[in-house]
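Chemist: Have a look at this one.
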Amino acid sequence: VQGRVSTVLADRVARVQAETSDRLAEVILKLGLLSEGNLAKDLVAFTGFAQLDTTSMSHARTLPSDCNLEFFRSRDLLPLSVDSSAVEIGCWNALDDYAPRALRFAFRCPVTLSIGTRTEIRRAIDALYPRSDEGIATRQVSTDAEEEEVDRLRDLASDAPVIRLVQQIIDAAVSARASD
């Protein structure tokens, strides 16, 4: 995002983040500043973590029975490898340091992150760990995703007319002043 965001837009991101208490990556996606793919690429460049590839996702391991799957699901974490010596996780929000710290504490070993898109991570989690009542879960995930998309589009749509109107007012004022 560096170099692509104006001060005004950065202020808006900060306001939205303060109002919603969402993490920065979530706000960036909600406001449509970056696509999921571009966000993943930027996070890879910023953090130095590996880019998650489809081969890694297809070789993901199931969690040990004593692990809390809901923690992984709620944080959009894909367990790639979990054993007593290391934990490797796929994630989309590498700026959320709570999950890796919690996993380091729980497993008492190093945690390695690989970054993918939110959609890739969620699909892989759902494929690896299907919900027990698939019909209701699928409808709920679709509804949640649709609501997020509608909110993002509503934000974008509400800004576009305002920006155009402000630009028209400025142009009219400049023209009026020039003719004086």
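The values are calculated or read from the model by the stated rules, or taken from the named source; none is laboratory data. All values reported here derive from a predicted model rather than from experimental measurement. In this analysis, Cβ positions are derived from the backbone assuming ideal geometry, glycine residues included, and neighbour counts consider all displayed protein chains. With ligands, DNA and RNA removed, areas are computed over all heavy atoms of the protein, side chains included. Shrake-Rupley method; radii C 1.70, N 1.55, O 1.52, S 1.80 Å.
Chemist: Among the helices (runs of 4 or more DSSP H) confined wholly to segment 22-105, which include 3 or more residues that are modelled with pLDDT of 90 or more? Quick ask: steps written out before the conclusion?
Modeler: Numbers: elements: 24-30, 36-47, 54-58, 69-74.
The qualifying helices (runs of 4 or more DSSP H) are 36-47.
Chemist: Let me spell it out: the conditions are (1) in a helix (DSSP H, G or I); (2) at pLDDT 90 or above; (3) surrounded by 11 or more Cβ atoms within 10 Å (Cβ to Cβ), and Val141 meets all of them except one. Which number is the exception?
Modeler: Tallying (1) in a helix (DSSP H, G or I); (2) at pLDDT 90 or above; (3) surrounded by 11 or more Cβ atoms within 10 Å (Cβ to Cβ), Val141 fails exactly one: (2).
Chemist: In segment 86-137, what residues are of a type in the set (Gly, Ala, Ser) and under 16 Å from Leu63 (Cβ atoms)?
Modeler: First pass over segment 86-137, keeping only residues of a type in the set (Gly, Ala, Ser): 86, 90, 94, 99, 102, 106, 114, 116, 124, 127, 132, 135, 137.
Ala86, Gly90, Ala99, Ala102, Ala106, Ala124, Ala127, Ser132 - these are the residues of segment 86-137 that are of a type in the set (Gly, Ala, Ser) and under 16 Å from Leu63 (Cβ atoms).
Chemist: A further question follows. What residue, among those in segment 72-117 that are among the charged types (D, E, K, R) and closer than 20 Å to Gly48 by Cα, is most open to solvent (accessible area, probe 1.4 Å)? Break it down stepwise before answering.
Modeler: Step one: of segment 72-117, the residues among the charged types (D, E, K, R) are 73, 75-76, 83, 88, 96-97, 101, 104, 108.
Then keep just the ones that are closer than 20 Å to Gly48 by Cα; that gives 76, 88, 96-97, 101, 104.
Values: Asp76: 18, Glu88: 65, Asp96: 19, Asp97: 83, Arg101: 123, Arg104: 102 Å².
Among those that are among the charged types (D, E, K, R) and closer than 20 Å to Gly48 by Cα, it is Arg101.
Chemist: What tally of residues in segment 10-36 results from selecting those that are open to solvent by 30 Å² or more (accessible area, probe 1.4 Å) and in contact (Cβ under 8 Å) with a residue 40 or more places away in the chain?
Modeler: The number of residues fulfilling the criteria is 6.
Chemist: Test Leu128 against the stated conditions and say whether it is open to solvent by 20 Å² or more (accessible area, probe 1.4 Å), aliphatic (A, V, I, L, M), under 15 Å from Glu70 (Cα atoms) and touching a residue at least 40 places away in the same chain (Cβ under 8 Å). Before the answer, list the steps.
Modeler: Values: open to solvent by 20 Å² or more (accessible area, probe 1.4 Å): yes; aliphatic (A, V, I, L, M): yes; under 15 Å from Glu70 (Cα atoms): yes; touching a residue at least 40 places away in the same chain (Cβ under 8 Å): yes.
The answer is yes for Leu128.
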